[in-house]
Amino acid sequence: MTVFQGHEFRGHEQVVFCADEASGLRAIIAIHSTALGPSLGGTRFFPYASEADALADVLELSRGMTYKNAMAGLDHGGGKAVIIGDPGTDKSEALLRAYGRFVQSLGGRYVTACDVGTYSPDMDHVARESTYVTGRTVAQGGAGDSSILTAFGVFQGMRAAAERVWGQPTLAGRRVGIEGVGKVGHRLAELLAADGAELVVRDVDEVAAARVAARHPGTVVAPDTATLLGSGIDVYAPCALGHALTDEVTATLSAAIVCGGANNQLAHPGIEKALAERGVLYAPDYVVNAGGVIQVADEVHGFSMERARGRAERIFDTTREIFASAEAEGVTPAEAADRLAERRMSEVGRLRGIWLK
């Protein structure tokens, strides 16, 4: 084996495999970086086709959290966890508490929260075994559902992109296609509808899509991605799982802006250049969807929704800065965001080497 030399592990500090036979727990925790502080990132509960798929996902997600937390101005590094299984049938109190024991064993190097397949009540169970848990229910002293500020941050990033393309920071009169109207997508739809946007939505869960359409009259429900992309949208908002922007999607995309809540939207590193060549403005996913991690990071120090919302609102300014930097340096927004994040990690992370008695 070449575990430490493998490309997938490059840059990761620690990867932990967790198993509890009695509860059925099979989980992987990946800590990419603690340069800026304890790693912070959610727990994804998903029925991966293989352990290799789960490992690839957690490694990619944890690296993304490093950059997300850096660009959000947080004193946290990047980490992520995945639990292998169907959350609808495999999730139990015993499993979640067993997982919490593993999180606790890391001594604070990793702080967890919600993600796809996990919710605030789940974090309450995890927190019964670990002190390094955020995203708990309000009743248990937590911040509650982090998708609230995730959607809010995506909306701020989309406003910045609209200003860049059309001169005004509003989506009024624009047609926005939302791929995935679950936790984040349905909240983004509410914000966009209130701003006067036209909505086209698509979700593998037809009930979820129909629910959004019923709540916002005039919303078009697309039966598949191709129909959504071909419906004359001005903005494409991927809000489901990652790798939504494939070569095929990019080749057919007619929207002027891509800005959504999903993590790791680019199927491979060359996609951002292909988008730029087609004149499509891409708002880097880990920048605009940082509202959720801003919310749960605030919980670590005693939660204030007003304070967290104010910080998430600054995603508008951060996104504008990235677009300006990309133009000035002649690079894509994705490259500009990476450079800014890496600069902060280098400059602030260096301070960790200053000894404090």
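The values are calculated or read from the model by the stated rules, or taken from the named source; none is laboratory data. Worth saying up front: this structure is predicted, and the values here are computed from it rather than measured. Note that each Cβ is placed from the backbone with ideal geometry, even for glycine, and that neighbours are counted across all protein chains shown.
Kindly evaluate residue 286 against the criterion of being surrounded by 23 or more Cβ atoms within 10 Å (Cβ to Cβ), in contact with a Phe, Trp or Tyr (Cβ under 8 Å, 6 or more places away or on another chain) and under 19 Å from residue 67 (Cβ atoms). Criteria met by residue 286. Of all the numbered requirements in (1) under 17 Å from the mean Cα position of the chain (by Cα); (2) in a strand (DSSP E or B), residue 199 misses one, and that requirement is (1). Total residues in the stretch 37-56 satisfying the condition of being surrounded by fewer than 24 Cβ atoms within 10 Å (Cβ to Cβ) and either out of contact with any helix residue (DSSP H, G or I) (no Cβ under 6 Å at 6 or more places or on another chain) or part of a strand (DSSP E or B) (or both): the figure is 12. Filtering the stretch 234-251 for residues that are surrounded by 17 or more Cβ atoms within 10 Å (Cβ to Cβ) and under 18 Å from residue 70 (Cβ atoms) leaves an empty set.
Scanning the stretch 202-244 for residues being under 22 Å from the mean Cα position of the chain (by Cα), more than 22 Å from residue 290 (Cα to Cα) and of a type in the set (Val, Ile, Thr) gives a total of 3. A search for C-beta distances below 8 Å between a residue of the stretch 207-236 that is at pLDDT 95 or above and any residue that is among the basic types (Lys, Arg) and part of a loop (DSSP other than H, G, I, E, B), counting only pairs 6+ apart in sequence or on different chains, returns 234/174; 235/174. Taken over the stretch 309-346, residues that are modelled with pLDDT of 95 or more, assigned to a helix (DSSP H, G or I) and among the polar types (S, T, N, Q) amount to 3.
What about residue 64, is it assigned to a loop (DSSP other than H, G, I, E, B), touching a residue at least 60 places away in the same chain (Cβ under 8 Å), outside the structural domain of residue 264 (by TED's automatic domain parsing) and under 28 Å from residue 309 (Cβ atoms)? In short, no. With respect to the stated conditions, residue 96 is modelled with pLDDT of 95 or more and either in contact with an Asp or Glu (Cβ under 6 Å, 6 or more places away or on another chain) or assigned to a helix (DSSP H, G or I) (or both). When 151, 189, 143, 162 are checked against the criterion of being outside any loop (DSSP other than H, G, I, E, B), within 29 Å of residue 54 (Cα to Cα) and in contact (Cβ under 8 Å) with a residue 12 or more places away in the chain, 151 stands alone in meeting it.
Take the conditions (1) modelled with pLDDT under 95; (2) surrounded by fewer than 19 Cβ atoms within 10 Å (Cβ to Cβ); residue 64 misses just one of them, which is (2). Of the residues 40, 106, 95, 36, the single one that is closer than 16 Å to residue 13 by Cβ, more than 20 Å from the chain's Cα centre (by Cα) and of a type in the set (A, V, I, L, M, F, W, C) is 106. Taken as a whole, the stretch 7-14 holds at least one residue that is part of a helix (DSSP H, G or I) and out of contact with any helix residue (DSSP H, G or I) (no Cβ under 6 Å at 6 or more places or on another chain). Within the stretch 173-196, the residues that satisfy the criterion of being over 21 Å from the mean Cα position of the chain (by Cα) and within 21 Å of residue 314 (Cα to Cα) are 194, 195.
Looking at 157, 107, 135 in this structure, which one is free of Cβ contacts under 8 Å to residues at least 12 places away in the same chain and either outside any helix (DSSP H, G or I) or within 30 Å of residue 317 (Cα to Cα) (or both)? Steps first, answer last, please.
Numbers: 157 fails: free of Cβ contacts under 8 Å to residues at least 12 places away in the same chain; 135 fails: free of Cβ contacts under 8 Å to residues at least 12 places away in the same chain.
Exactly one residue qualifies, and that residue is 107.
Being within 19 Å of residue 144 (Cα to Cα), in contact (Cβ under 8 Å) with a residue 12 or more places away in the chain and either surrounded by fewer than 22 Cβ atoms within 10 Å (Cβ to Cβ) or of a type in the set (Lys, Arg) (or both): is that true of residue 101 here? Give the derivation first.
Working: within 19 Å of residue 144 (Cα to Cα): no; in contact (Cβ under 8 Å) with a residue 12 or more places away in the chain: yes; either surrounded by fewer than 22 Cβ atoms within 10 Å (Cβ to Cβ) or of a type in the set (Lys, Arg) (or both): yes.
Criteria not met by residue 101.
Restricting to the stretch 187-201, and then to whatever is of a type in the set (A, V, I, L, M, F, W, C) and touching a strand residue (DSSP E or B) at 6+ places or on another chain (Cβ under 7 Å), can you tell me which residue is surrounded by the fewest Cβ atoms within 10 Å (Cβ to Cβ)? Break it down into steps so the answer makes sense when it comes.
At the first step, the residues of the stretch 187-201 found to be of a type in the set (A, V, I, L, M, F, W, C) are 188-189, 191-194, 197, 199-201.
Retained after the next criterion (residues that are touching a strand residue (DSSP E or B) at 6+ places or on another chain (Cβ under 7 Å)): 188-189, 192-193, 197, 199-201.
On the way: 188: 30, 189: 25, 192: 24, 193: 19, 197: 24, 199: 24, 200: 24, 201: 28.
The extreme case among them is 193.
Can you tell me which residue is farthest from residue 326 (Cα to Cα) among those in the stretch 165-186 that are part of a loop (DSSP other than H, G, I, E, B), in contact with a strand residue (DSSP E or B) (Cβ under 9 Å, 6 or more places away or on another chain) and not aliphatic (A, V, I, L, M)?
Pass one, the stretch 165-186, residues part of a loop (DSSP other than H, G, I, E, B): 167-174, 180-184.
Right, trim to in contact with a strand residue (DSSP E or B) (Cβ under 9 Å, 6 or more places away or on another chain) and you get 171, 173-174, 180-181, 183.
Next, only the ones that are not aliphatic (A, V, I, L, M) stay: 173-174, 180, 183.
Details: 173: 27, 174: 24, 180: 29, 183: 31 Å.
If we take residues in the stretch 165-186 being part of a loop (DSSP other than H, G, I, E, B), in contact with a strand residue (DSSP E or B) (Cβ under 9 Å, 6 or more places away or on another chain) and not aliphatic (A, V, I, L, M), then 183 is farthest from residue 326 (Cα to Cα).
Somewhere in the stretch 302-311, is a residue crowded, with 22+ Cβ neighbours inside 10 Å, farther than 25 Å from residue 257 by Cβ and among the small types (Gly, Ala, Ser)? Checked against the condition, which is being crowded, with 22+ Cβ neighbours inside 10 Å, farther than 25 Å from residue 257 by Cβ and among the small types (Gly, Ala, Ser), the stretch 302-311 yields at least one hit.
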